[in-house]
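Just below is one structure, and these are the notes that go with it.
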Amino acid sequence: MTRSRSRLLYIAAVLVSGIAVGFLVRLNPDWRQASLPPVIWPLAISLVVDLFVGQLAARGRAEPLTMNDRLVAVIGAGLIVTLMTTL
């Protein structure tokens, strides 16, 4: 199955956000005790990017995201954050 450019950009953006959150939490270890755990932060970023891609898809400028795209991106970003903050 081939993936469209918008889907690949979505997955890449969420994975990069996981790396960025991991670096930020490593620089500021107190953030691990936040009321919302850092592993959830890429989910919020995913929501924003998903809404943007959804608007583009509604206009016919991009393909809509599938649940598999969302799953790969969010689980991947969560694993990246977890690994970066625990190692």
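Which ones in segment 41-51 are touching a Gly at 6+ places or on another chain (Cβ under 8 Å) and either among the β-branched types (Val, Ile, Thr) or within 15 Å of Met84 (Cα to Cα) (or both)? So that I can check it myself, show each step before the final result.
Quick first cut of segment 41-51, residues touching a Gly at 6+ places or on another chain (Cβ under 8 Å) only: 42-43.
Pro42, the sole residue that qualifies.
Look through Val14, Val49, Val25 and report the one residue that is more than 13 Å from Ala73 (Cβ to Cβ) and either touching a helix residue (DSSP H, G or I) at 6+ places or on another chain (Cβ under 8 Å) or at pLDDT 95 or above (or both). Give the derivation first.
Working: Val14 fails: more than 13 Å from Ala73 (Cβ to Cβ); Val49 fails: more than 13 Å from Ala73 (Cβ to Cβ).
Testing whether each residue is more than 13 Å from Ala73 (Cβ to Cβ) and either touching a helix residue (DSSP H, G or I) at 6+ places or on another chain (Cβ under 8 Å) or at pLDDT 95 or above (or both) leaves just Val25.
Here is a list: Gly54, Gly76. Which entry is modelled with pLDDT of 95 or more and on the phi < 0 side of the Ramachandran plot? Steps first, please.
Working: Gly54 fails: modelled with pLDDT of 95 or more.
The conditions single out Gly76.
State all residues of segment 49-72 that are surrounded by 14 or more Cβ atoms within 10 Å (Cβ to Cβ) and either hydroxyl-bearing (Ser, Thr, Tyr) or touching a Pro at 6+ places or on another chain (Cβ under 8 Å) (or both); if no residue qualifies, say none.
Those that are surrounded by 14 or more Cβ atoms within 10 Å (Cβ to Cβ) and either hydroxyl-bearing (Ser, Thr, Tyr) or touching a Pro at 6+ places or on another chain (Cβ under 8 Å) (or both): Val53, Ala57.
Give the number of residues within segment 49-78 that are in contact (Cβ under 8 Å) with a residue 24 or more places away in the chain, of a type in the set (A, V, I, L, M) and under 12 Å from Val14 (Cβ atoms).
7
Restricting to segment 1-48, name every residue that is polar (S, T, N, Q), surrounded by 13 or more Cβ atoms within 10 Å (Cβ to Cβ) and free of Cβ contacts under 8 Å to residues at least 24 places away in the same chain.
Going through segment 1-48, the residues polar (S, T, N, Q) turn out to be 2, 4, 6, 17, 28, 33, 35, 46.
Next, from what is left, pick out any that are surrounded by 13 or more Cβ atoms within 10 Å (Cβ to Cβ): 4, 6, 17, 46.
Within segment 1-48, none qualify.
The values are calculated or read from the model by the stated rules, or taken from the named source; none is laboratory data. No experiment lies behind these values; they were computed from the predicted model shown. Counting neighbours? That spans all protein chains shown, and the Cβs are built from the backbone with ideal geometry, glycine included.
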